[in-house]
Amino acid sequence: MTTKMAINAKDIFRNQHRLIRFLEQSIRLCSNQSLKAAQQQQQKSSSVDFEITASVDAQYTSAPEPIKHDKNLGHQFRASQLSVRLAAPEQLQPKPDNDGELGFGRLFTDHMLKIYYHKSLGGWQRPEITPLENLVMHPAAKVLHYAVELFEGMKAYRGVDGKIRIFRPDMNMNRMNLAAQRSGLPTFEGKEFVQCLSRLLSIDSEWVPHTDTASLYIRPTLIGIDPTLGVASSDSALLYTILSPVGSYFKTGSSGAVSLLADPSYVRAWPGGVGNRKMGSNYAPTINVQKEAAAKGLQQVLWLYGEDHQLTEVGTMNIFMFYVNEQGEKELVTPPLSGLILPGITRDSILRMTRQWGKFKVSEANITMPMVCELLNQGRLLELFGAGTACVVSPVNRISYLGQDLYIPTMEQEKPVHELIRETLTDIQYGRVDHPWSVVID
Ligand SMILES: Cc1ncc(COP(=O)(O)O)c(C=O)c1O
């Protein structure tokens, strides 16, 4: 066989699932919405006052500090060692026909990425892509007893040019490694992981919705699987990733805004705790409070902290307030990274972007409920919104607080800042503008 023929055979084998799908199913798109509309939008003239630049000024960008690995960690995994076992044609799942069916995290793609760590075998093992399958673990696995688990939430977007992009993946990798350090789990090289992830995304690329109203949610997860009951570092771990096509995350009211329960008797995080790390153990205790909010007809929980009832997070989002300050200037404020809140990548992007715009003051400072009440009374509170990967921004129109209903005029602004932020970020994510924060998967 000539070299050329060998390469062709290899390519065919590697892409067999695509070829078979092409022949047998004709390509089914995740959405019935064509890219044409999005392409037309690409040419749309911006309706916003603020110019966004095709690059981010050096002072507004930052690469996270490299992670310092424990000296006894052992060897790292490398993307060059990645092995791929493709799903057989009969294992391929049908894709949904329209965004309406998607919801959040109910459907999964055909493949997953798995990387085991075993200290006894010298460290991280070879990464592998396999068909999506159940995990098998010992019933004593630490994740099942002490919630030795952490995760990330990222998205792959199909751009208006058809290319698939992910957003600031270095930030997710850094956050994940910081959570691993805090959980006694092994750290890893984020760049190598992103390369493995890119391969997974290219294999399951047809699952990335062909629309700019949906995306492919990426759930990297790290669990401690050491089969021993001691509360100690896990000497075996599994880093895996599953993918799920998603529509919108939150239920909103008919206005598109959410209403919140702010009950100071519940606390999500505390100083010295792990509110700033994306660990599963932070989320389970919020479920019942969320249920209580829903029973009262409210959509999300506004998490308060301290005697002065500081606003910390809204549901699984960072909180932002746009208001008129004492000096009569417009100001965008979000709570500082005090350890109580998750260092959101959307939060960081909004701060950097709005600081670069230079159109209003931008600060990181505590916001308290008495302050919210006073600003509302004085007509100085303009907008309140949550920000996160799942929804980009989510405007708030009502807070139920100590028996009062506080109506927030977020949706009544003529040119709301949260809309500008949403447009700008989604323009970057869906490739309507070129931006270094968007990483193209080839
Ligand atoms: C508690 C919490 N806060 C904030 C965020 C927003 O973070 P990001 O913008 O990185 O999605 C999330 C989402 O992951 C979260 O779970």
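Quick one: how many residues across region 321-332 are touching a residue at least 24 places away in the same chain (Cβ under 8 Å) and either within 17 Å of residue 412 (Cβ to Cβ) or of a type in the set (S, T, N, Q) (or both)? Before you say what the answer is, go through the steps one by one.
At the first step, the residues of region 321-332 found to be touching a residue at least 24 places away in the same chain (Cβ under 8 Å) are 321-325, 329-332.
Then keep just the ones that are either within 17 Å of residue 412 (Cβ to Cβ) or of a type in the set (S, T, N, Q) (or both); that gives 321-325, 330.
Residues in region 321-332 being touching a residue at least 24 places away in the same chain (Cβ under 8 Å) and either within 17 Å of residue 412 (Cβ to Cβ) or of a type in the set (S, T, N, Q) (or both): 6 in total.
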Within region 360-400, take every residue that is within 16 Å of residue 410 (Cβ to Cβ) and of a type in the set (S, T, N, Q) and give me the one that is nearest to the ligand (Cβ to nearest atom). 394
Count of residues meeting criterion [closer than 20 Å to residue 169 by Cβ, more than 10 Å from the ligand (Cβ to nearest atom) and in contact (Cβ under 8 Å) with a residue 60 or more places away in the chain] in region 343-357: 2
Picking from 89, 94, the residue that is more than 16 Å from the ligand (Cβ to nearest atom) and under 21 Å from residue 215 (Cα atoms) would be 94
Just wondering, is there one or more residues in region 102-124 that are free of Cβ contacts under 8 Å to residues at least 24 places away in the same chain and either under 30 Å from residue 210 (Cβ atoms) or among the aromatic types (Phe, Trp, Tyr) (or both)? no
Hey, could you check region 179-193 for residues that are surrounded by 20 or more Cβ atoms within 10 Å (Cβ to Cβ) and either of a type in the set (A, V, I, L, M) or under 28 Å from residue 433 (Cβ atoms) (or both) and say which is nearest to the ligand (Cβ to nearest atom)? 179
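Please specify each residue of region 298-328 satisfying the condition of being among the polar types (S, T, N, Q), away from the ligand (no atom under 11 Å from the Cβ) and in a loop (DSSP other than H, G, I, E, B).
Matches in region 298-328: 299, 325, 327.
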Which of the residues spanning region 141-176 are within 16 Å of the ligand (Cβ to nearest atom) and among the aliphatic types (A, V, I, L, M)? 147, 150, 154, 156, 166, 171, 173, 176
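Scan 304, 351 and give me the residue that is assigned by TED's automatic domain parsing to the domain that holds residue 406 and within 21 Å of residue 399 (Cα to Cα).
Values: 351 fails: within 21 Å of residue 399 (Cα to Cα).
Checking each option against the conditions leaves just 304.
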Cβ-Cβ under 7 Å pairs, at least 6 apart or on other chains, region 264-288 side under 23 Å from residue 219 (Cα atoms), far side within 10 Å of the ligand (Cβ to nearest atom) and at pLDDT below 95: none
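Taking strands (runs of 3 or more DSSP E) that fall entirely within region 187-297, which contain at least 2 residues that are among the hydroxyl-bearing types (Ser, Thr, Tyr) and within 21 Å of residue 343 (Cα to Cα)? Even if it seems obvious, please write down each step before you answer.
Numbers: elements: 215-224, 236-246, 258-262.
Once the strands (runs of 3 or more DSSP E) in region 187-297 are filtered for at least 2 residues that are among the hydroxyl-bearing types (Ser, Thr, Tyr) and within 21 Å of residue 343 (Cα to Cα), what remains is 215-224.
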Can you pull out every residue in region 81-140 that is part of a loop (DSSP other than H, G, I, E, B) and touching a Phe, Trp or Tyr at 6+ places or on another chain (Cβ under 7 Å)? 95, 104, 105, 109, 125, 126, 127, 132
Could you check, for region 235-248, whether at least one of its residues is of a type outside the set (Lys, Arg), within 16 Å of the ligand (Cβ to nearest atom) and modelled with pLDDT under 95? yes
Would you confirm, using the coordinates I've provided, whether residue 340 is more than 15 Å from the chain's Cα centre (by Cα), within 28 Å of residue 178 (Cα to Cα) and within 11 Å of the ligand (Cβ to nearest atom)? yes
Output for Cβ contacts, cut-off 6 Å, separation at least six or different chains, first residue within 16 Å of residue 213 (Cα to Cα) in region 410-437, second surrounded by fewer than 18 Cβ atoms within 10 Å (Cβ to Cβ) and of a type in the set (D, E, K, R), reads 431/161
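The values are calculated or read from the model by the stated rules, or taken from the named source; none is laboratory data. Predicted, not measured: the structure shown is a model, and the values here were computed from it. Quick reminder, even Gly has a Cβ in these numbers, built from the backbone with ideal geometry, and neighbours come from all protein chains shown.
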